[in-house]
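So the structure is just underneath, and the comments pick up after that.
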Amino acid sequence: MEGFEKIDFGVEKAAVDTSGANIKQETAINNSKRKLSPILIALLIVVALAVFGFFAIFLPARPIIVSAQQTYSQAKLTLDAVKKQNITLASDELNKTKKDLAITSEKLNSISFVRFIPIVNWYYNDVSHILKAASYGVDGARVLIDSVEPYSDVLGLKGQGSFVGGTASQRIETAVRTMGTITPHIDEIVKSLELAQKEIDMIDPNHYPAIFGGSKIKQQLASIKSTTSQAVSFVNEARPLVKILPNLLGEPTDKKYLILFQNDGELRPTGGFITAYSVFRLSKGVIHVDRSDDIYTLDAGAPKPKAPAPILKYLANVTTFNLRDTNLSPDFIESMNTFNSIYEKTSGRISVDGIIAIDTHVLVSVLKILDDEITVDGIRFTTKNDARCDCPQVIYQLESLISTPRSLDLRITPLATAQAVRKDILGSLLYALMDKAFKSSPKLYWGPLFQNLLTQANQKHVLFYLYNKDAQTGIDALNVAGRIKSVDGDYLHINEANFGGAKANLFVEESVDQKIDISGTGVITKTVTINYKNPHPPSDCNLERGALCLNAVLRDWIRVYVPKGSQLVANQGSEVKVTSYEELGKTVFEGFLTVRPLGTATYKLTYTLPFKLANGSPLPLLIQKQPGTDKNEYTISVNGKQIDKFNLLTDKTLNLSL
């Protein structure tokens, strides 16, 4: 009202205040919404991606996974057919595998849009590379099977080959004559493998995290990359050997090879004491024996240089260097070069195209395949156990014929020149075994014999030195030349020589324990312990009575080859001072010990490796087997914990996770 002052009861003010409070509350709510928005958005994105992934990727990918599993199963069927040596079945299964691969690849292309999705495209591309690599691998296998199929009958494989008419010798001749048209296909196989490797190399195993099984996938992919690389390298290096194989088998001109028999019962550095020799002539694949005799006959016409230091030191009463003792180097090629330096000046020399050494394991394994028994010149040989040596009867029979002196009066005939009852029996036995194999149906023996040859060579019971350079390159790639290898990382090769004259290695059991200790600074200290045990009683070694001296004192010259630069810390068990020197790119620790019948011995070395190990890094280790040895037990421990135990049948590569 006019003339009166407006009375303020506080209501309007209160209203204003309330409005302010509401504004503050609304502002707080809005601020809270703004704070939650990024989280809500992220959740929405995750949900959206999950829904998209489920409908756009996962559901379409399920048929791909099923198809890939079917392809994998089909590939296993192909591999099984190969293992069964069924060339026809393998060919059929390979065709099915190729078809399944094409279907899987087509289904993978149906979700090719994921190539544009970050991270997801890694895994899509990896699968794509694997499928392409598999396809190239199948192409290579196709060429290989097509090349081998005509020879299935000759090789003793299951399936109908092209060389089925005529005698066994005629089939072999025909096969070898036509082999020259097949061997060039090795180039096609190499090309397929190289294309496969190119695809595999584009895979990055580091894309796979340690969670959700990713670590296992990572290891598998790393293994595939390594295996593929090794396969390509191997086939490439073996290619020259494959290409000249017909020539090596005597097509078009004959080839001759000196066969040396190494008696592993008396172990020497390359596999055994050189007991006998033969000259095999190959004419279009067919083997002929031109000469066979004991090594002493060949030695009689050889020059006699002064014996090297190990012979003078450890081999009693021997002052000259004989052909039979020339295999002193653990590297077979080095030993054979030494052998040839004397053989070239020997009156009984025959010009040859290479040297092949075999030991008793080859004889026993071949005899087992050929019905386990054979008679030669009225003498029966079998692989059944002989209680007199607790070894196959064929071994005891050979030792009896080869080692028993014909002259029992050593006052008249010195032991060094005493002739055995039948030194030439070994050549007769080898010829009888080959004759039986070649006169039989190829499908009966040839397949097992061929597989056995590969096994025996892989286990170093057969060693090859071919004078053709390309051929030897392939032999080296196959690791059947008995070479001491150069490697990065740790290395171990134990090499022993029986300088006692008896066949004590038939009876002595050997085990090797490796203890690896790693300090906090990465220094690696190794302790290698070699345990020997001879559980058998001694033989009657009175040669004047005509006794057969098999089990006597083992006089063991031992060399341990380790990485170059290793330092010896301590040793135990050697009967002479352990010496250290460098040879064949390694550091060598040399000693000597004896093992008596019914006795034991231990040889122990402690040394440091010439490099340190980075924290978390694995330790690569190559253990090379000595030729002629069999099933020596190896145990490996790291920082007090045993991590591996095995019988050493072949060279073994390990990657020790520390």
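Listing for the model above:
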{"quantity": "Gain upon complete extension [Lys443, Phe234; 0.36 nm per residue less C-alpha separation]", "calculated": "72.3 nm"}
{"quantity": "Amide hydrogen neighbours beyond the local backbone of Asn468, cut-off 5 Å, H modeled", "calculated": "none"}
{"quantity": "Stretch gain in nm, segment Thr181-Lys83, where the contour uses 0.36 nm per residue and the Cα spacing is subtracted", "calculated": "32.7 nm"}
{"quantity": "J(HN,Hα) series, the range 315-320, from Karplus relation 6.51 cos²θ - 1.76 cosθ + 1.60, nearest Hz, glycine and proline x", "calculated": "9, 4, 6, 10, 10, 10"}
{"quantity": "5 angstrom amide H check on Tyr491, placed H, neighbours 5+ away", "calculated": "Leu622"}
{"quantity": "Using θ = phi - 60° and Karplus 6.51 cos²θ - 1.76 cosθ + 1.60, couplings along the range 433-447 (whole Hz; Gly, Pro as x)", "calculated": "5, 5, 4, 5, 5, 6, 8, 9, 5, x, 6, 7, 10, 5, x"}
{"quantity": "Mean Cα-pair separation over length for the range 485-581, i.e. relative contact order, pairs under 8 Å, 6 or more apart, %", "calculated": "36"}
{"quantity": "Mean-position separation - Cα centroids, the range 585-620 and the range 69-84, in angstrom", "calculated": "43"}
{"quantity": "Estimated vicinal HN-Hα couplings, Hz - the range 626-641 in sequence order (Karplus 6.51, -1.76, 1.60; Gly, Pro = x)", "calculated": "7, x, x, 7, 8, 6, 4, 8, 10, 10, 10, 10, 10, 6, x, 10"}
{"quantity": "Residues whose placed amide H lies under 5 Å from that of Asn263, excluding near-sequence neighbours", "calculated": "Phe273, Ile274, Thr275"}
{"quantity": "Highest-first arrangement of 107-115, 447-455, 610-618, where packing means the average Cβ count within 10 Å", "calculated": "447-455, 107-115, 610-618"}
{"quantity": "Gain upon complete extension [Lys612, Glu188; 0.36 nm per residue less C-alpha separation]", "calculated": "148.3 nm"}
{"quantity": "Part-to-part distance (alpha-carbon centres) for the range 450-474 and the range 311-383, which is given in Å", "calculated": "16"}
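No lab work stands behind these numbers, since they all come straight from the coordinates. Not measured: the values here are computed from a predicted model. All Cβ positions, even for glycine, are placed from backbone atoms using ideal geometry, and neighbour counts span all protein chains on display.
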